[in-house]
Amino acid sequence: MTDISIPADQLGDLVAVLDLVRSGTARTRPDLGRRSGLGRTVITQRVGHLMRAGLIEDGELGMSSGGRAPRELRFRSEAGVVLAAELGATSISAGVTDLAGRLLAHREEVADIAQGPEPVLARVRAMLDGLLAEVNGAPVWGIGVGLPGPVEFATGRPSAPPIMPGWDGYPVRDHLSAHYDAPTWVDNEVNTMTLGEYRNGAAQGVRDYLYVKIGTGIGAGLISGGRLHRGSQGCAGDIGHTAARADSSVVCRCGNTGCLEALAGGAALARDGAAAARDGSSPVLAERLAQRGQVDAADVAWAAQKGDRVAVELLVRAGRLIGEQLAMLISFFNPSLLLIGGGVAGAGDQLMATIREAIYRRSLPLATRDLRITGSSLGARAGVVGSAFMVLDELFAPDRLSRWLDLGSPAGHPQLADAVA
């Protein structure tokens, strides 16, 4: 064992140096000094600690500004991998990243979250094991999972999720940690998507932004001041169960009536589209129902693109309801960017145009003056990428980094399960 423990009063400097190298902000020791404000001796000591921990190493010679060229520092992103999964209502997206968050392998499969935790997590494990084999079984440093429902972040347990029967209180974190002997973090899938776009997508560098997923359900994630805002219990951004229509009798899966999700989500579009097909008011959807035996939100979008009047009306109504709710959030939160993702968000220009119109009509002018509204850049990969960065942010947080460094673990196998426990 190599002693790589470090005094607590030096830990902040260590994390600052590691973050600068990990992000590529500083590539040489002189760069580190300029960026961090630390002296040459301190930089040398902290770099030495990180090298002994197996986190950074010397790379190629850098550019010379006169005299001897400095040697670049390189974060050892290949020292381990992170396993990541996003579970939606009807699909599982899984991936493996290196320690810099770069996606090395990715797979997506159709799945039903309502089957319950044991069969669904068995499917997740099988997918992750297959992906891990593709990257030659590198050491697993952590697992990140996004779930389509409220999650108590501190415990990694779902909390009364409306579309996840049998999952309430299930120890997802413990289940996966035991299987892979590595720490696991679990969050709401919209939070992981929000983080994915912020760290590796269209929201990079945007300190105040709002991400909205429109899929089977509807949810939002917030980056405030450069940090993901989860709220005190972890359910911030659950706009799908806000009251969009107080006079509505439509019952939501949460048990209330008039929820935004129950009136404008993907399941709502499928329900209303199927009704229009059955009563004959939409010949296009009626034909679809006869062909496939069902109608989903994608069928409604397809029918709208064909010019079907009822389908267009359904999308316009959904877009108006979503836009009105988002207008309140935008006036309250004042983000500079709104990203819209999820399967229904890709349904076509009609929905997005209606959402934009409602936002600009109902928001305060100052709140929308510099607001940019666009679609997700990472698409189906956003949740997986965000889940990986969730793990990396937690692993390299000052308190956890110090705990596994204090274990004196050899490079490449930092006994993270023990350090995080």
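Structure above, values below:
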item: Shape of segment 301-401, Cα gyration tensor, a/c cut at 1.5; result: oblate
item: Cα long-axis angle, helix 349-362 against the chain (0 to 90 degrees, to the nearest 10); result: 80
item: Ellipticity estimate at 222 nm from DSSP helix runs (n ≥ 4, -39,500 (n - 2.57)) divided over the chain, nearest 500; result: -13500 deg cm²/dmol
item: Contour excess over end-to-end distance, with Cα ends at Asp174 and Glu394 and 0.36 nm allotted per residue; result: 77.6 nm
item: Largest-first ordering by accessible area, 1.4 Å probe, given options Asp129, Asp308, Asp399; result: Asp399, Asp129, Asp308
item: GNM top mover of Glu261, Glu189, Glu109 - the chain, alpha-carbon springs below 10 Å; result: Glu109
item: Mean separation of Cα contacts under 8 Å, 6 or more apart, over the residue count of the chain: relative contact order %; result: 18
item: Charge-dipole axis of segment 7-52 as Lys and Arg at +1 and Asp and Glu at -1 on Cβ define it, positive-most pick from Val17, Ile43, Thr28; result: Thr28
item: Arg227-Arg317 pseudo-label distance in nm [points 7 Å out on the Cα-to-Cβ vector]; result: 4.2
item: With at most 16 other Cβ atoms within 10 Å, longest stretch of the chain clear of loop trypsin sites (Lys or Arg not before Pro) (DSSP); result: 103-206
item: Selected from Leu338, Leu38, Leu210 as most flexible by GNM, with the chain as the system and alpha-carbon contacts under 10 Å; result: Leu38
item: Relative contact order %, segment 218-358, counting alpha carbon pairs below 8 Å whose residues are six or more apart; result: 17
item: Cα gyration tensor, segment 164-210 - rounded (a/c under 1.5), prolate or oblate; result: oblate
item: Accessible-area ranking of Leu366, Leu285, largest first, probe 1.4 Å; result: Leu366, Leu285
item: Gyration tensor (alpha-carbon) shape descriptor, segment 184-340, a/c threshold 1.5; result: prolate
item: Only Lys, Arg (+1) and Asp, Glu (-1) charged, at Cβ; the chain dipole about Cα centre in debye; result: 1080
item: In nm, spacing of pseudo-spin labels at Val110 and Asp58 (7 Å Cα→C-beta vector); result: 5.6
item: Using a Förster distance of 41 Å, the FRET efficiency for Arg102-Thr257 (Cβ separation, nearest 0.05); result: 0.35
item: Of Met390, Met328, Met127, the one that fluctuates the most in a GNM where the chain has Cα springs shorter than 10 Å; result: Met328
item: Given charges at Cβ of Lys, Arg, Asp, Glu: the chain dipole, positive-most of Val120, Ala160, Ile373; result: Ile373
item: Neighbour net charge for Ile56 - beta-carbon separation under 9 angstrom, K R +1, D E -1; result: +1
item: Between segment 138-194 and segment 98-130, the alpha-carbon center distance in angstrom; result: 12
item: Alpha-carbon centroid distance for the pair segment 227-275 / segment 344-403, whole angstrom; result: 18
item: Between helix 40-52 and the chain: long-axis angle, C-alpha atoms, 0 to 90°, nearest 10; result: 70
item: Accessible area of Glu324 in the full protein assembly, 1.4 Å probe (Å², nearest 10); result: 30
item: Arg71 paired with Val135, simple spin-label distance in nm, labels 7 Å along Cα-to-beta-carbon; result: 2.7
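The values are calculated or read from the model by the stated rules, or taken from the named source; none is laboratory data. The model shown is predicted, which means the values in this text are computed figures rather than measured ones. No Cβ is skipped: glycine too gets one built from the backbone with ideal geometry, and neighbour counts run over all protein chains shown. Protein only, heavy atoms only, side chains kept; ligands, DNA and RNA dropped before computing areas. Shrake-Rupley method; radii C 1.70, N 1.55, O 1.52, S 1.80 Å.
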